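*Asks:* The structure that follows is given in the form of structure tokens.
The values are calculated or read from the model by the stated rules, or taken from the named source; none is laboratory data. All values reported here derive from a predicted model rather than from experimental measurement. Heads up, the Cβs are rebuilt from the backbone with ideal geometry, glycines too, and the neighbour counts pull from every protein chain shown.
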Amino acid sequence: MAAPDKTDLVVNPINPKRRSVIKAAATIAGGSAVALIDPLVRAGAWAAGSDAPEKTDLKVGFIPLTDCASVVMASTLSIDKKYGIKITPSKEASWAGVRDKLVSGDLDAAHVLYGLIYGVQLGIGGPKKDMAVLMTLNNNGQAITLSNKLKDAGVKDGASLKAVMAKDKREYVFAQTFPTGTHAMWLYYWLAAHGIHPLQDAKASTVPPPQMVANMRVGNMDGYCVGEPWGARAIADHSAL
């Protein structure tokens, strides 16, 4: 995804010490947007008569991916103390779990998929909730990984995948991490660009990032799209193309 226009980065800057956006299920995004805070949310982000944080202990969710490093290291290196807060990182099992805990208030903030934020804001696939994007952690970084079974059949790119699927008629399974996430978008776009209908010619499956490599290894899927390190991990393990 293209990075936001530079002008978007300087409009209505947010003081990192002013934390009442947390009340609106504030989210640290793993995408390309920097400030998508609703004007009403932004207007309430200043504590009257005080520049101190409204909440000092923050539970921040994350999924084991390379771009969660900012959240984890902020706590590990005590960078959070610089701003008068204490971050408690919370390792989560799936993006759906992160979404549900943000909506319920079990998490104050989270490292999360860019598209998940819009899904929650619009009420797609779950409860509708106003969201706030506070920080960009990653632009792009996804990888599409194919199984060794496809490699052995002669697949080396999208065109050869289409040819193999046309010749060997069976159910092909391709996984992404969350229906409204960028992994799903890139996977579906890539398949469609090579003449493969992602929802008719193949079966779409939702799998949490840390489970991708294991599922590929035992033959549960033919390919997947996920953020690093799970693409590189499959290659290093000789589990995929």
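*Asks:* Ala192 versus (1) touching a helix residue (DSSP H, G or I) at 6+ places or on another chain (Cβ under 7 Å); (2) without any contact (Cβ under 8 Å) to a residue 24 or more places away in the chain: which is the lone unmet condition?
*Replies:* (1)
*Asks:* Hey, can you tell me all the residues within the range 226-240 that are of a type outside the set (Ser, Thr, Tyr), in contact (Cβ under 8 Å) with a residue 12 or more places away in the chain and over 17 Å from Ala96 (Cβ atoms)?
*Replies:* Result: Glu228, Pro229, Trp230, Gly231, Ala232, Arg233, Ala234, Ile235, Asp237, His238, Ala240.
*Asks:* Let me ask something additional. For the subset of the range 195-225 comprising residues that are free of Cβ contacts under 8 Å to residues at least 12 places away in the same chain and either in contact with a Pro (Cβ under 7 Å, 6 or more places away or on another chain) or not in a helix (DSSP H, G or I) (or both), which member is farthest from Ile124 (Cα to Cα)?
*Replies:* Of everything passing the filter in the range 195-225, Val218 is farthest from Ile124 (Cα to Cα).
This table checks each residue for (1) farther than 22 Å from Asn139 by Cα; (2) of a type in the set (Asp, Glu).
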position	(1), (2)
Met73	no, no
Lys82	yes, no
Ile87	yes, no
Glu92	no, yes
Trp95	no, no
Arg99	no, no
Ser104	yes, no
Val112	no, no
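*Asks:* I'd like to verify a number: residues in the range 182-208 that are of a type in the set (A, V, I, L, M, F, W, C), closer than 27 Å to Asn138 by Cα and more than 16 Å from the chain's Cα centre (by Cα), how many?
*Replies:* 5
*Asks:* Out of the residues in the range 61-92 meeting the condition of being outside any loop (DSSP other than H, G, I, E, B) and of a type in the set (Asp, Glu), tell me which one is farthest from Met212 (Cα to Cα).
*Replies:* Ranking the candidates gives Asp80 first.
*Asks:* Exactly one condition in (1) outside the structural domain of His194 (by TED's automatic domain parsing); (2) touching a residue at least 40 places away in the same chain (Cβ under 8 Å) is not met by Pro127; state its number.
*Replies:* Against the list (1) outside the structural domain of His194 (by TED's automatic domain parsing); (2) touching a residue at least 40 places away in the same chain (Cβ under 8 Å), Pro127 comes up short only on (2).
*Asks:* In the range 135-154, which residues are surrounded by fewer than 20 Cβ atoms within 10 Å (Cβ to Cβ), at pLDDT below 90 and hydrophobic (A, V, I, L, M, F, W, C)?
*Replies:* The one that is surrounded by fewer than 20 Cβ atoms within 10 Å (Cβ to Cβ), at pLDDT below 90 and hydrophobic (A, V, I, L, M, F, W, C): Met135.
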